[in-house]
1. Taking only Cα atoms, what is the 0 to 90° angle, nearest 10, from helix 228-242's long axis to the longest principal axis of the chain?
2. Could you derive backbone 3J(HN,Hα) for segment 92-101 from the dihedral phi with the Karplus parameters 6.51, -1.76 and 1.60 (θ = phi - 60°), listing whole Hz in sequence and x where the residue is Gly or Pro?
3. Taking the Cα atoms only, what angle lies between the long axis of helix 71-89 and the longest principal axis of the chain, rounded to 10 degrees?
4. For Cα extents along the principal axes in Å, pick the label among [x] 57, 48, 34; [y] 64, 59, 37; [z] 64, 48, 33 that corresponds to the value derived from the coordinates.
5. Of GLN224, LEU252, VAL267, which is farthest on the positive side of the dipole of the chain, counting Cα position, with +1 on Lys and Arg Cβ, -1 on Asp and Glu Cβ, and the Cα centre as origin?
6. Please name whichever of GLN99, MET55, ALA80 sits farthest to the positive end of the charge dipole of segment 28-148, dipole taken about the Cα centre and charges placed at Cβ: Lys and Arg +1, Asp and Glu -1.
7. Rounding to the nearest 20 debye, state how big the charge dipole of segment 184-300 is about its Cα centre with +1 on each Lys and Arg Cβ and -1 on each Asp and Glu Cβ.
8. Suppose a student asked you for the relative contact order of the chain, using Cα pairs under 8 Å spaced at least 6 residues apart; what percent would you report?
Amino acid sequence: MWDSLQILINAPVFNVQLLLNGITVGAVFALAAYGLALVWGVTSVKNLAQGDLVMMGGYFTYELARHGVNPIVALVPVAALMFGFGWILYKLIIRRVIQLDLFTSLLATFGLAITIQQCLNLAFGPDVRTVKSGFGGIDLFGGQVEITQIKLIALGLCALLALAMVLFLTKSRMGQAIRATAQDPRAARVLGVNTDTVYALTFSINAAICGAAGALIAMIWVIQPFYGIAYSVRAFVIVTAAGLGNLPGVILAALGLGVVEQYSGFVFGAQFQQATIVGLLLAILIWRQFALSRHRRALQ
């Protein structure tokens, strides 16, 4: 650990490498987290299968790339496939647990996560896989810092998708219906909003977002049937830190998590990266509970 800290102090340019890596990977985390925040805020379902939907999108991209489809181009059909899959999941599972208690929804989505993991394992095997994007790297500071072009492309695509979601939710009638349902489902039904359709569309959009995130992850890192839990934990950390319905907060929290993860992996070792994320989640939950108790005492 001390040797790593000395490298960061004696070679400040290496901090630039970690910051660039953290920002680019954090942008992909923001996609999965925003989908989770959307479902959580509208349907009140805490989706434990979020990361597994991301892995599923990655494997769809891998399969299309094997058949000659450019992985960047494959992002569109993968998102469309995941949208349809999300609609089916809603009709079969999610709609049955929306009105039930928290434990039931958690148990249902946990079972869904295990099912997706095992199906991916049976279909593709347990080995890690990656998708070759065909893009090279960019050298900075005389070759001391390197950033791959696919990470920059992923950063741009994440920004475009976030902008598209904001425009959809604020400008379209269906987006307004989604926001109305998130605020008060009963009032939305009284005003003529078909909340069941809104719930189905929300979960399907989330699945499509996860598919896009999985496609980018397959090109940037590796995919494996049981890696979904890591992305689920990241999404929960980001949403818990940012709060529901706070897209700027989700983006900032995701970028911050990406940077923290890069630094923790370099300083403490890759084996402690996930421990750092879980530690952050516990710290945020404790801090929020403490803030809530102080607020209650102030009201009393």
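1. 70
2. Karplus values, whole Hz, x for Gly and Pro: 8, 10, 4, 5, 7, 10, 4, 8, 8, 6.
3. 30
4. So the calculated entry is the one marked [y].
5. The one lying farthest along the dipole's positive direction is LEU252.
6. Of the options given, the answer is GLN99.
7. Result for segment 184-300 is approximately 480 debye, rounded to the nearest 20.
8. Worked out over the chain, it gives 38 percent.
The values are calculated or read from the model by the stated rules, or taken from the named source; none is laboratory data. Note that this is a predicted model, so its numbers are computed, not measured. All Cβ positions, even for glycine, are placed from backbone atoms using ideal geometry, and neighbour counts span all protein chains on display. The area values use the complete protein model at the heavy-atom level, side chains included, leaving out ligands, DNA and RNA. Shrake-Rupley method; radii C 1.70, N 1.55, O 1.52, S 1.80 Å.
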